[in-house]
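Below you will find the structure I want to go over with you.
The values are calculated or read from the model by the stated rules, or taken from the named source; none is laboratory data. These figures come from a predicted structure and were not determined experimentally. Here the Cβ positions follow ideal geometry from the backbone for every residue, glycine too, while neighbour counts run over all protein chains shown. The protein model used for the area step is the full one, side chains on, heavy atoms only, and it has no ligands, DNA or RNA in it. Shrake-Rupley method; radii C 1.70, N 1.55, O 1.52, S 1.80 Å.
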Amino acid sequence: RGERRPLPAAKKKEGWLTIDGAHANNLRNISVSIPIGRLTVITGVSGSGKSTFMHSVLCPVAKLATSKTTKITDKPWKSAHGFDQITAVHEVDQSPIGKTSRSCPATYVGVLDDIRKLYAQVPAARARGYDAGRFSFNTDGGRCEACQGNGEIKVEMNFLPTTRVPCEVCHGLRFNSYTLEIDFNGKNIGQVLRMSITEAAEFFASQPRIARPLQLLADTGVGYLQLGQPSPTLSGGEAQRMKLVTELSVGQGKTITQKLRGLKTEKRNLYLIEEPTIGLHMSDVCRLIDVLHRLVDEGHTVVVIEHHPDVFAEADYLIDIGPEAGAEGGQLVASGTPEQVAKHKTSVTAPFLRQVLDL
């Protein structure tokens with residue numbers, strides 16, 4: 001980014017989330033502070049207590065403060081302060097974004113609704129009386145009834161795994177022939193769903209509500225995915241980046257709406273992300289870092305557990321837990337800017353920081 005965001009004043013409670021006496025699993029009554037509206041990375045060796053702190057302490061504390069329904073009887077911390085300064089907490093993990101073939105990137109990021117409305121406005125569609133529902137593969141009328149809008153037929157065979165073959169009626173396009181006769185810029189909706197995210201972002205360049213979230217997805221390195229690709233086929237890393245972009249897109253959309261209405265725009269969420277770089281190419285890591293920074297630029301607080309040096313070198317603030325794993329870990333070894341932690345003598349992370357920061 002060129003320079004780090006300045007940290008809030010250390011002696012003021014405003015601008016910090018503070019937890020005292022965290023003692024879950026191997027955590028040794030540690031006290032941790034996290035700057036609000038900054039990118040914080042938790043470092044340390046595997047088994048040092050990073051995940052325990054995030055999922056067993058930080059997340060429950062935040063949920064208890066932001067949700068009226070959350071109740072916790074056994075609190076693995078002594079006290080917590082500053083959590084009234086955030087609106088909500090979100091764990092952005094690598095779990096699937098959908099369990100059925102009817103879920104896909106287009107439905108998850110919400111662009112399919114706008115695409116359906118766009119096709120319903122085509123003169124040929126209006127002449128036939130087609131509404132947006134006609135262009136849904138989940139309802140009767142417009143979808144291919146032979147495959148029920150799945151584009152595939154499930155084939156069950158004795159002594160062999162169940163397999164799927166393209167539908168012979170719609171040839172995988174999901175819709176019936178009458179629906180596929182409606183086109184926008186020479187493409188019907190079935191062909192659009194077969195486009196890659198990058199191709200679709202260019203195709204809908206004149207439609208900002210559709211193009212913008214697709215371009216954000218392409219920017220994170222998942223532009224090769226098809227708009228209609230079944231969600232269960234996405235990897236954990238792909239699903240996690242889809243979630244991040246959705247949060248970024250929705251957050252910015254709400255900000256724009258609030259600005260138009262003249263309302264207060266400050267909405268501070270806490271995002272908890274664990275090892276998002278697993279399996280990513282170096283170029284995709286750079287794109288991921290950009291998405292994390294964009295979330296923070298929106299005013300949110302992002303806390304990431306990470307082992308990748310390029311990620312924790314980009315942090316505004318580091319929390320190093322260790323020094324070793326298991327019974328030899330669970331302590332707050334160091335905290336501060338990457339430059340400050342790099343100077344720590346006992347931190348296992350410090351040598352890697354010095355190398356990547358060229359100190």
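Using DSSP to define loop residues, name the GluC sites (Glu not before Pro) in segment 139-175 whose beta-carbon has at most 13 other beta-carbon atoms within 10 Å.
Glu145, Glu168
Right, another one. Ordering Val155, Val122 by how much accessible area each has at a 1.4 Å probe, largest first, what is the list?
Ranking Val155, Val122 by accessible area, largest first, yields Val155, Val122.
Please state the relative contact order of segment 99-190 as a whole percent: Cα pairs under 8 Å, 6+ residues apart?
Taking the mean separation of contacting Cα pairs over the length of segment 99-190, I get 23 percent.
Hey, got a sec? Which GluC sites (Glu not before Pro) in segment 281-359 land in a DSSP loop and have at most 16 other Cβ atoms within 10 Å?
The qualifying sites are Glu324.
Could you tell me which residue out of Val333, Gln229, Ala80 lies farthest along the dipole of the chain toward its positive end? Charges go on the beta carbon: Lys and Arg +1, Asp and Glu -1, centred on the Cα centre.
Checked the options; the winner is Ala80.
Continuing with the same structure: Taking H placed 1.01 Å from N in the peptide plane, check which residues at least 5 places from Leu17 or on another chain put their amide H under 5 Å from its amide H.
Counting only residues 5 or more places away or on other chains, the set is Ile34, Ile36.
For Glu91 and Ser31, calculate 0.36 nm times their separation in residues minus their Cα-Cα distance, and state this gained length in nm to one decimal.
Result for the pair: 19.4 nm of gain on full extension.
Could you work out the helix-only [θ] at 222 nm for the chain, with each DSSP H run of four or more residues adding -39,500 (n - 2.57) and the total divided by the number of residues, to the nearest 500 deg cm²/dmol?
-9000 deg cm²/dmol
Around Arg164, under 15 Å between beta carbons, what's the net of Lys plus Arg minus Asp minus Glu among the other residues?
That sum, taken over residues with Cβ under 15 Å, equals 0.
Now for a separate question. Taking the Cα centre of the chain as origin and charging only Cβ (+1 Lys, Arg; -1 Asp, Glu), how large is the dipole, in debye to the nearest 20?
It comes to approximately 1160 debye.
Please work out the average accessible area per residue across the chain, using the 1.4 Å probe convention, and give it in Å².
49 Å²
Lys243: which aspartates and glutamates have alpha carbons under 17 Å from its alpha carbon, excluding same-chain residues fewer than 8 sequence positions away?
Output for Lys243: Glu91, Asp93, Asp219, Glu274, Glu275, Asp284, Asp290, Glu298.
I would also like to ask the following. Counting only the heavy atoms of the protein chains, how much of Lys154 is accessible to a 1.4 Å probe, in Å² to the nearest 10?
Its accessible surface works out to 110 Å², give or take rounding.
How many angstrom separate the Cα center of segment 111-149 from the Cα center of segment 308-345?
53 Å
Over the chain, with every protein chain in place, what whole percent of the accessible area is carbon and sulfur at 1.4 Å, could you tell me?
50 percent
Would you mind working out the magnitude of the charge dipole of segment 7-85 relative to its Cα centre, with +1 at each Lys and Arg C-beta and -1 at each Asp and Glu C-beta, to the nearest 20 Debye?
Dipole magnitude for segment 7-85 comes out near 60 debye.
Output the 0 to 90 degree angle, nearest 10, between the alpha-carbon long axis of helix 236-261 and the longest principal axis computed from the alpha carbons of the chain.
Helix 236-261 and the main axis of the chain meet at about 90 degrees.
Next up: Give the angle, between 0 and 90 degrees and rounded to the nearest 10, that separates the Cα long axis of helix 208-219 from the longest principal axis of the Cα atoms of the chain.
50 degrees
What relative contact order, as a whole-number percentage, does the chain give when Cα pairs under 8 Å and 6 or more residues apart are counted?
25 percent.
Compute the distance in nm between two label points, each set 7 Å from the Cα along the Cα-to-Cβ direction, one at Arg209 and one at Asp84.
The answer from the label model is 3.9 nm.
Output needed: Cys residues of the chain lacking any neighbouring Cys C-beta below 4.7 Å, sorted by number.
Cys59, Cys104, Cys286
Among the chymotrypsin sites (Phe, Trp or Tyr not before Pro) within segment 100-172, which fall in a DSSP loop and have no more than 15 other Cβ atoms within 10 Å of their own Cβ?
Answer by residue number: Phe159.
Continuing with this model, one more query. What does the charge add up to near Lys154, with Lys and Arg as +1, Asp and Glu as -1, over the other residues with Cβ less than 14 Å from its Cβ?
-1
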